[in-house]
Amino acid sequence: MQLTVRDAAKLLDVSEKTLYRWVDDKKLPVYKVNDQVRISKAELLEWATANKIRISGDMFQEPDSAGRPLPPLSKALEAGGAYYHVPGTEKASVLKSMVERLRLPPEIEREFLFSVLMARESIGSTGIGDGIAIPHVRNPVVLHVAEPCVTVCFLEKAIDFESVDGKPVHTLFSLISPTPRAHLHLLSRLCAALNDPGFKAAVLQKASFDALLAEARRVEAEAAPGAKA
């Protein structure tokens, strides 16, 4: 989904002037469409999370145009699972190790998925800071999976990922979605969770999968309509 500068400024609760300054100073990615500036909603989520900028709750309101409810982050995590001590000595080898562990239908070509992820990294790192990366593509590939899933890979050794803060990456979150809409939904939920101190601490401590799921469910419960402040 492409946003105007006004839309993006509203979601970040800043002026349009500030947003243009961030384009210059903080390298906020933008595109020109018929001489008009446009911003990818998915990339805005990544960028805001990496730069520790609060995001309006409106960012996470996605209409259910397909008439089918989108899964919460916790359910997608259950579907994807977590892996510990994932091997690799540099970006390519850890991404290959990650792809080998993803719970994918047999008809999906893992080599193709790996090549797509590497092509995305050649454009710009998906390392969002604090040792975390979210490998995916700018324009989500629609894979033949029944349900979207999020897989967590805790690396055996932290590696250089060319992240925005220069810190080596120790944790990868992989998003596999059947539609671009589901991809954006999960990316927004994951970015929101990574802004929560409890969930973030569980990730940084490489907590057990049960503990990570518990934190994800807590974040969802607290964000639910009618939840007590």
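How large is the convex hull of the Cα atoms of region 2-51 per residue, expressed in Å³ as a whole number?
Enclosed volume per residue, from the Cα hull, is 67 Å³.
How many percent of all Cα-Cα pairs in the chain sit more than 21 Å apart?
56 percent
So for region 79-135, what percent of the C-alpha to C-alpha distances run longer than 16 Å?
Every Cα pair in region 79-135 considered, those over 16 Å come to 47 percent.
Determine the alpha carbon to alpha carbon distance for each of Lys41/Lys91; Lys27/Lys75; Lys17/Lys96 and list only those over 30 Å.
Lys27/Lys75; Lys17/Lys96, as the Cα separations exceed 30 Å there.
Which of the lysines could be linked to Lys200 by a straight reach, that is with a Cα gap under 17 Å, when you skip same-chain ones fewer than 8 residues away?
Lys52, Lys167
Over region 2-51, what is the mean sequence separation of C-alpha contacts under 8 Å (at least six apart), divided by residue count, expressed as relative contact order in percent?
Computed over region 2-51, the figure is 40 percent.
Mind giving me the FRET efficiency for Arg21 and Asn195? R0 is 25 Å, r the Cβ-Cβ distance, nearest 0.05 is fine.
0.65
What whole-number distance in Å separates the alpha-carbon centres of region 153-188 and region 85-117?
13 Å
Over the chain, what is the relative contact order in whole percent, taking alpha-carbon pairs under 8 Å and six or more residues apart?
The normalised contact order for the chain reaches 20 percent.
If you build the Cα gyration tensor of region 176-215 and take the root of 5 times each eigenvalue, what three semi-axes come out, in whole angstrom, biggest first?
22, 11, 7
How much length is gained if the chain between Ala214 and Ser122 is pulled fully straight, taking 0.36 nm per residue apart and subtracting their Cα-Cα distance, in nm to one decimal?
Between Ala214 and Ser122, full extension yields an extra 29.6 nm.
In the calculated pair distance distribution of region 83-188, what percentage of Cα-Cα distances lie above 17 Å?
49 percent
Bear in mind that the values in this text are calculations on the coordinates, not laboratory data. A quick note: this is a predicted structure, and the numbers were derived from the prediction, not measured. Quick reminder, even Gly has a Cβ in these numbers, built from the backbone with ideal geometry, and neighbours come from all protein chains shown.
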